[in-house]
Amino acid sequence: MSLPDGHQIPIEQVADIAVKSGPAQVSRENTKRRITIGFNVRNRDIQSVIQEVKSQMDEKIELPTGYFVSYGGQFKNLEAAQKRLSIAVPVALL
């Protein structure tokens, strides 16, 4: 992990990483294979974490044709709430 001043910190110092056994099956959603990567966020808001993840992925990873990344969980709930509020707040103010 890079710091703003350019120094590096081993990821083990800021995250608990564990390999866990999961079901031996290929998950599918809408006829497409799906791999889920889950993580919990502490001491930061989820939106800034996802923005940073997106930025790093765009900068450092080129996905092959047909592959894509989608974000779910609490981030998806946050996006839905923001959309609802972008309509409800102006209507309430009128």
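The values are calculated or read from the model by the stated rules, or taken from the named source; none is laboratory data. None of the values given here were measured: they were computed from a predicted structure. Cβ atoms come from the backbone with ideal geometry, glycine included; neighbour counts cover every protein chain shown. These area figures cover heavy atoms from the full protein model, side chains too; ligands, DNA and RNA do not enter into them. Shrake-Rupley method; radii C 1.70, N 1.55, O 1.52, S 1.80 Å.
Assorted remarks:
- Qualifying residue in region 1-24 (condition: in contact with a Gly (Cβ under 8 Å, 6 or more places away or on another chain), open to solvent by less than 100 Å² (accessible area, probe 1.4 Å) and either within 29 Å of GLN82 (Cα to Cα) or among the β-branched types (Val, Ile, Thr) (or both)): no
- From the options GLU12, GLU62, residue that is in a helix (DSSP H, G or I) and either touching a Cys at 6+ places or on another chain (Cβ under 9 Å) or not β-branched (Val, Ile, Thr) (or both): GLU12
- Subset of region 25-59 (residues that are outside any loop (DSSP other than H, G, I, E, B), closer than 21 Å to ALA80 by Cα and either open to solvent by 70 Å² or more (accessible area, probe 1.4 Å) or of a type outside the set (S, T, N, Q) (or both)): GLU29, ILE46, VAL49, ILE50, GLN51, GLU52, VAL53, LYS54
- Candidates are the residues of region 56-94 that are among the hydroxyl-bearing types (Ser, Thr, Tyr) and at pLDDT 85 or above; the one that is nearest to the chain's Cα centre (by Cα) is TYR67.
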